[in-house]
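The structure appears below as C-alpha cells.
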Amino acid sequence: TYKRINGYRRIRIHKRRYNSNNDKKERIMSQFNVSIQVENDLVILTTEGYLNNEGGEMISGICYENIANGKTRFLLDMAQTKVVNSIGVSILIEIIEKLQEVDGKLGYYNLAPIVDKTFKIMGLTKYSSVYATKEEALADF
C-alpha cells in the first residue's frame, strides 16, 4: 500500500502478517524441562529444550537450592538443548559466579556444535568445563 505525505509524496508501507504457525513455533521453542540426578555431592541436570530466560531460571533455581544444601559440583547434560540465547548464557554466568564463592564447579556435556561455539565465544569455557561425553565429565569431576 502507498500513503500520501504532504499531498504529493508517497512511500510504500509494508504490512507483516503473522500466522498461527509462527505462534505455535514460539510456544514450542519456549518449552524447557530439567531432570535432576544426585550422586553423592554431584548434581547432574539433564536439559531439554530452548535455554532462554525461563530455562535459565529453572537451572539456577535448582543449582542455588542445591548449593544451599552443600552441593558444589554440577554437570549439565545438554544433548536435548540445541539453542541457547544470551539471557540463558548470562544466567549460567551467574551460577558460575555463585559456585566460585563456594569453590564449586560447573561442567557441560553433549553440547550441540552451535551451543559449544556460543559458550566459547561468550567466555563460559574459561570458568567452566565442556566435555564430549558423560564418562569424560565424570572422570574429571
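Of all the criteria given as (1) under 18 Å from Phe32 (Cα atoms); (2) in a strand (DSSP E or B), the one not satisfied by Gly107 is (1). Could you say whether any residue in region 84-100 is open to solvent by less than 40 Å² (accessible area, probe 1.4 Å), touching an Asp or Glu at 6+ places or on another chain (Cβ under 9 Å) and not small (Gly, Ala, Ser)? Scanning region 84-100 turns up at least one residue that is open to solvent by less than 40 Å² (accessible area, probe 1.4 Å), touching an Asp or Glu at 6+ places or on another chain (Cβ under 9 Å) and not small (Gly, Ala, Ser). On the basis of being at pLDDT below 95 and part of a helix (DSSP H, G or I), does Glu54 make the cut? Yes: the conditions hold for Glu54. Give the residue that is most open to solvent (accessible area, probe 1.4 Å), with candidates limited to residues of region 71-83 that are at pLDDT 95 or above and not charged (D, E, K, R). That would be Gln80.
If the condition is being crowded, with 19+ Cβ neighbours inside 10 Å and either closer than 14 Å to Val84 by Cα or touching a Ser or Thr at 6+ places or on another chain (Cβ under 7 Å) (or both), then region 53-68 contributes Gly55, Gly56, Ile59. Here Cys63 meets the list (1) touching a residue at least 60 places away in the same chain (Cβ under 8 Å); (2) touching a helix residue (DSSP H, G or I) at 6+ places or on another chain (Cβ under 6 Å); (3) in a helix (DSSP H, G or I) almost entirely, failing just condition (1).
For Ile121, are the conditions met, namely being outside any loop (DSSP other than H, G, I, E, B), among the aliphatic types (A, V, I, L, M) and at pLDDT 95 or above? No: the conditions fail for Ile121. Among residues of region 110-129 that are open to solvent by 90 Å² or more (accessible area, probe 1.4 Å), those with a beta-carbon under 6 Å from a residue that is part of a helix (DSSP H, G or I) at least six positions away or on a different chain give the pairs Met122/Val89; Tyr127/Ile96. Condition check: within 18 Å of Glu39 (Cα to Cα) and not in a loop (DSSP other than H, G, I, E, B). Does Ala79 satisfy that? So Ala79 fails the test.
The values are calculated or read from the model by the stated rules, or taken from the named source; none is laboratory data. Quantities reported herein were computed from a predicted structural model and do not represent experimental measurements. Note: ideal-geometry Cβ built from the backbone for every residue, glycine included; neighbour counts use all protein chains shown. To get the accessible areas, we keep the full protein, side chains included, count just its heavy atoms, and leave off ligands, DNA and RNA. Shrake-Rupley method; radii C 1.70, N 1.55, O 1.52, S 1.80 Å.
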